[in-house]
């Protein structure tokens, strides 16, 4: 067994507007701001173990999932109790439902305000 070198501190999302995306995920997941650079180009949210960090990228190209040319590189799965009410709440916060829904009875694919796909899911580990 290999000795751990460190702990996962943050998952970072590139986006054109860190304020918009930080507000969205703060409201969606009940997170609070833990850190921000003076220019607010980087905003880290805490409250879920690993931080979720927004990083401003001027030439950000949103993923075009499920078909290219810009494929998703990462997405978040968010466990919820009720897919219908969670989907409605996410939309009220600024998400949109993705056109492609492969298994809507288990996952609802949503797009955050910067176009990143994320899934609301009823799937839980045993």
Can you tell me which condition residue 102 does not meet? The list is (1) farther than 30 Å from residue 9 by Cβ; (2) in contact with a strand residue (DSSP E or B) (Cβ under 9 Å, 6 or more places away or on another chain); (3) assigned to a loop (DSSP other than H, G, I, E, B); (4) modelled with pLDDT of 85 or more, and all the others hold.
(4)
Anything in the stretch 105-122 that is in a loop (DSSP other than H, G, I, E, B) and either under 24 Å from residue 20 (Cβ atoms) or without any contact (Cβ under 8 Å) to a residue 40 or more places away in the chain (or both)? List them, or say none.
105, 106, 112, 113, 114, 115, 116
Among the residues in the stretch 26-36, are any modelled with pLDDT of 90 or more, assigned to a loop (DSSP other than H, G, I, E, B) and out of contact with any strand residue (DSSP E or B) (no Cβ under 8 Å at 6 or more places or on another chain)?
yes
Considering residues that are closer than 28 Å to residue 87 by Cα and either loosely packed, with under 13 Cβ neighbours inside 10 Å or touching a residue at least 24 places away in the same chain (Cβ under 8 Å) (or both), the number found within the stretch 10-60 is 33
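The values are calculated or read from the model by the stated rules, or taken from the named source; none is laboratory data. It should be emphasised that the depicted structure is a prediction, and the values quoted were computed from it without experimental measurement. A quick note on method: Cβ atoms are made from the backbone with ideal geometry, for glycine too, and the neighbour counts reach across all protein chains shown.
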